[in-house]
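Written below as structure tokens is the structure these notes are about.
The values are calculated or read from the model by the stated rules, or taken from the named source; none is laboratory data. Bear in mind that the values here come from a model prediction, so they are computed numbers and not experimental data. As a convention, Cβ positions derive from the backbone with ideal geometry for all residues, glycine included, and neighbour counts pool all protein chains shown. Heads up: the accessible areas ignore ligands, DNA and RNA and are worked out on the full protein's heavy atoms, side chains in. Shrake-Rupley method; radii C 1.70, N 1.55, O 1.52, S 1.80 Å.
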Amino acid sequence: MTWKTTNGKTQATRTQPELEVLIQGLLNPVILLDMIRHFIVFEAIKHVDAKGVISINTIKKMAAYHQYYAVNAAVLSTIRASAVNADSPSAQLALRQQGRNSQNLVNAQKEGDRKAGVVWHTQGSGKSLSMVFYTGKIVLALNNPTIVIITDRNDLDDQLFGTFTSAKQLLRQTPKQADNREELKDYLRVNSGGVVFTTIQKFQPSDGSSTYDMLSDRTNIVVIADEAHRSQYGFSAKEVDVKDSDGHVTGKRTVYSFAKYMRDALPNATYLGFTGTPIERTDVNTPAVFGNYVDIYDISQAVEDGAIVRIFYESRLAKIAISEEGRQLIQAFDEEFNEDELIETQKERSK
């Protein structure tokens with residue numbers, strides 16, 4: 001992929017020589033050393049040929065330009081949101097790489113508001129590896145924090161956990177995956193360190209109460225939400241029916257969303273969202289939950305860079321007709337259940 005920017009803020013013009021952009025951007029000594037140190041991983045890829053012979057190939061992967069600048073911007077925004085001491089070497093390096101104008105990003109929201117922002121990168125742009133690079137760097141910047149990676153599906157949790165596990169050399173530690181609620185609590189009650197994977201559904205009170213136990217009040221905990229446009233809302237109380245074993249309603253109970261329970265457990269954590277499709281509505285708003293956009297890499301830019309293929313939409317009218325057998329079934333149904341036995345709405349619903 002072509003390196004298309006010298007500062008991470010503006011795209012190079014089409015008339016600007018690619019080699020000039022590469023020299024001023026990637027081959028800038030500060031950026032090049034940072035790239036070698038923090039933005040290269042090695043992944044083992046299993047291949048099975050037609051004869052069933054299995055071979056393992058190690059693939060070296062380096063961050064693309066949009067991943068590099070997004071990660072460094074997210075590191076700066078996390079330092080601002082967590083209100084920790086920004087004097088660490090990694091934090092100072094990130095400040096130099098982003099330039100003085102990056103202070104506008106850092107100060108876009110209040111210091112210490114726990115909202116690190118939203119990384120809006122479209123599908124196919126390498127969000128999983130961006131999370132790996134970010135984790136490897138924020139671990140140094142925040143003095144051994146606990147990183148919690150949140151998904152809302154088991155298959156996503158397994159997939160992301162596999163990506164992180166293959167990059168444990170960069171992370172300098174082996175990630176852990178919580179299999180149940182009790183194991184999650186054990187992982188999050190440690191005093192420092194750790195990369196923990198869990199689904200957000202595990203943040204649910206086991207006793208049916210409306211609050212979740214506080215697991216840690218530390219400030220150097222960072223929660224990374226994958227697919228942050230989902231399952232991260234609903235902080236207002238809801239009344240639900242309480243039913244007995246026979247299904248009869250016996251009362252009401254106040255409940256909240258998993259996102260609220262997660263903040264009960266980690267009240268001083270800093271939250272960063274990754275998504276390819278953020279939502280901005282009154283009741284469901286991704287930036288309102290996580291903070292301002294840290295970096296945007298949308299579909300049009302990804303298509304232009306060749307990261308994903310162009311998408312075409314073709315509108316078609318699906319022609320549906322009831323078969324002769326279907327008409328016979330409807331006639332038999334009408335004969336079996338007349339209007340005296342079923343009200344019309346029940347009849348149509350059953351049909």
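Quick one: count up the residues across the stretch 3-20 that are within 24 Å of V75 (Cα to Cα) and modelled with pLDDT of 90 or more.
The qualifying residues number 3.
Looking at D226, D158, can you tell me which residue is within 12 Å of the chain's Cα centre (by Cα) and under 30 Å from D305 (Cα atoms)?
After ruling out the rest, the residue left standing is D226.
Please identify the pairs in which a residue from the stretch 11-40 that is on the phi > 0 side of the Ramachandran plot and touching a residue at least 60 places away in the same chain (Cβ under 8 Å) has its Cβ atom under 9 Å from the Cβ atom of a residue that is in a helix (DSSP H, G or I) and surrounded by 12 or more Cβ atoms within 10 Å (Cβ to Cβ), counting only partners at least 6 apart or on another chain.
none
What pairs come out if I take residues in the stretch 182-210 that are over 19 Å from I221 (Cα atoms) and of a type outside the set (S, T, Y) and pair them with residues that are open to solvent by less than 20 Å² (accessible area, probe 1.4 Å) and outside any strand (DSSP E or B) whose C-beta lies under 8 Å away, six or more apart or interchain?
That search, which allows pairs on different chains as well, returns Q204/Y212; Q204/Y261; P205/Y212; P205/Y261.
Just checking, how many residues over the stretch 157-186 are assigned to a helix (DSSP H, G or I) and either open to solvent by 50 Å² or more (accessible area, probe 1.4 Å) or over 18 Å from Y271 (Cβ atoms) (or both)?
Here the count works out to 16.
Taking the stretch 14-47 on its own, how many of its residues are open to solvent by 80 Å² or more (accessible area, probe 1.4 Å) and β-branched (V, I, T)?
Final tally of qualifying residues: 3.
Among (1) in contact with a helix residue (DSSP H, G or I) (Cβ under 8 Å, 6 or more places away or on another chain); (2) exposed (fewer than 10 other Cβ atoms within 10 Å of the Cβ), which single condition is E314 missing?
(1)
Suppose we filter D264, D305 for residues that are buried (at least 16 other Cβ atoms within 10 Å of the Cβ), touching a Phe, Trp or Tyr at 6+ places or on another chain (Cβ under 9 Å), charged (D, E, K, R) and farther than 21 Å from N220 by Cα; which single one remains?
D305
Give me the helices (runs of 4 or more DSSP H) completely within the stretch 240-351, filtered to those with at least 1 residues that are hydroxyl-bearing (S, T, Y) and touching a residue at least 40 places away in the same chain (Cβ under 8 Å), ordered by residue number.
Counting at least 1 such residues, we get 258-265, 286-290.
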